[in-house]
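The block underneath contains the structure these notes are about, expressed in structure tokens.
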Amino acid sequence: MRETRAPLEYPSMATGPRRLRMVQLDVFTSHPLEGNALAVFTDGRGLSDLEMQALARETKLSETTFVLPRDPAVERERGVRVRIFTVEEEMPFAGHPTLGTAFALRGASGAKEIVLDLDVGRIPVRFEDEPGQVPFGEMTQVDPVFGERHDPAAVAHAAGLRLEDLDPSLPIQTVSTGLAFAVVPLRSLEAMRRLHPDPARVAEYLAREAGMSFYFVTRETVDPTARLHARMLFYGGEDPATGSAAGCTAAWMVACGVALPDEQVLIEQGLEMKRPSRIWVRASSARGRVAGVRVGGNAVEVMRGEVAL
């Protein structure tokens, strides 16, 4: 029997059919079909929260962003208003959506800087253009907040690892530059490739710090020019590039002596899922305080079209 159920009601759909322009980019890569995919709706004015969330579910990407244009004078002062959604919720900040949206807004304009107005505040993205090279963008994240250091045995149990899989020379520590991550250093690529955490056990451990996630790193890398190899598992899946976690890790590296202040180093991610990503990070330090967290990379447009509602 054919279903005759009425469609779900979304408040702004009463105005009639609309066509929304959308562009999709691969972020933290200079090669299409690598890096982390992002959908950007270039004019989300008039969309309700429910519609934005439904569109994010429709794309089935880790994040979808909605640009909300406003008066140019306001944008010059406060930045371009952007909202970020996963398939499950709105996020105050996320790294690859910030960088990718700035690339989408820049287009072919050659602008040296695009400033986004996110829920965590103003995030500037600076661009560099080298002849014959894909443009490079670098965001400055909010200053890091260092949280607790975690018990290695408890983290190993939660993540399904052996205690000897963890690097004992480095701390497991929570850091936030808008989103909180516990940076978990492992000894080797072999331990990294065996990662298969039990979602229920991880959720139970992380429940006491709402919004925190694990970001696994190791100083053993595939690319000898990289400083760290990283993985981030979430929602039962995996993220090919996590710019917010990479910013936290940049601060952690400087604090722990893995990178020098203002030294730009490469984090490789996404190799296990065949979406290789290259995330360039650096952070400053002054009077014992880490600040000036910058996360950069390339982005390439792979798709453009319209969504009809």
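The values are calculated or read from the model by the stated rules, or taken from the named source; none is laboratory data. Computed from a prediction, not measured in an experiment: that's the story for all the values here. As a convention, Cβ positions derive from the backbone with ideal geometry for all residues, glycine included, and neighbour counts pool all protein chains shown.
If you go through the stretch 190-201 and keep only what is under 25 Å from THR221 (Cα atoms) and under 22 Å from the mean Cα position of the chain (by Cα), you end up with MET192, ARG193, LEU195, HIS196, PRO197.
Where strands (runs of 3 or more DSSP E) fall entirely within the stretch 130-198, those with at least 3 residues that are out of contact with any helix residue (DSSP H, G or I) (no Cβ under 7 Å at 6 or more places or on another chain) and exposed (fewer than 15 other Cβ atoms within 10 Å of the Cβ) are at 145-149. Looking across the stretch 199-222, the residues that are charged (D, E, K, R) and either in contact with a helix residue (DSSP H, G or I) (Cβ under 9 Å, 6 or more places away or on another chain) or assigned to a strand (DSSP E or B) (or both) come down to ARG201, GLU204, GLU220. As a summary of the residue check, GLY107 satisfies the conditions (1) touching a residue at least 40 places away in the same chain (Cβ under 8 Å); (2) within 19 Å of GLU301 (Cβ to Cβ); (3) among the small types (Gly, Ala, Ser) except for the one numbered (1).
Only a single criterion out of (1) farther than 20 Å from THR98 by Cα; (2) of a type in the set (Phe, Trp, Tyr); (3) at pLDDT 95 or above is not satisfied by TYR215, namely (1). Name the residue, out of MET22, MET91, MET52, that is over 20 Å from GLY305 (Cα atoms) and touching a residue at least 12 places away in the same chain (Cβ under 8 Å). When all the criteria are applied, what remains is MET91. Restricted to the stretch 270-282, and to residues that are under 14 Å from the mean Cα position of the chain (by Cα) and touching a residue at least 60 places away in the same chain (Cβ under 8 Å), which residue is surrounded by the most Cβ atoms within 10 Å (Cβ to Cβ)? Of everything passing the filter in the stretch 270-282, ILE279 is surrounded by the most Cβ atoms within 10 Å (Cβ to Cβ). Suppose the filter is assigned by TED's automatic domain parsing to the domain that holds LEU179, hydroxyl-bearing (Ser, Thr, Tyr) and in contact (Cβ under 8 Å) with a residue 60 or more places away in the chain; does SER213 pass it? No, not satisfied.
Going through (1) basic (Lys, Arg); (2) in a loop (DSSP other than H, G, I, E, B); (3) under 23 Å from CYS248 (Cβ atoms) one by one, ARG122 falls short only on (2).
Scanning the stretch 231-269 for residues that are more than 14 Å from the chain's Cα centre (by Cα) and in a helix (DSSP H, G or I), we see that the one that is surrounded by the fewest Cβ atoms within 10 Å (Cβ to Cβ) is CYS256. Being without any contact (Cβ under 8 Å) to a residue 60 or more places away in the chain, more than 19 Å from CYS248 (Cα to Cα) and among the β-branched types (Val, Ile, Thr) is a property that VAL202 has.
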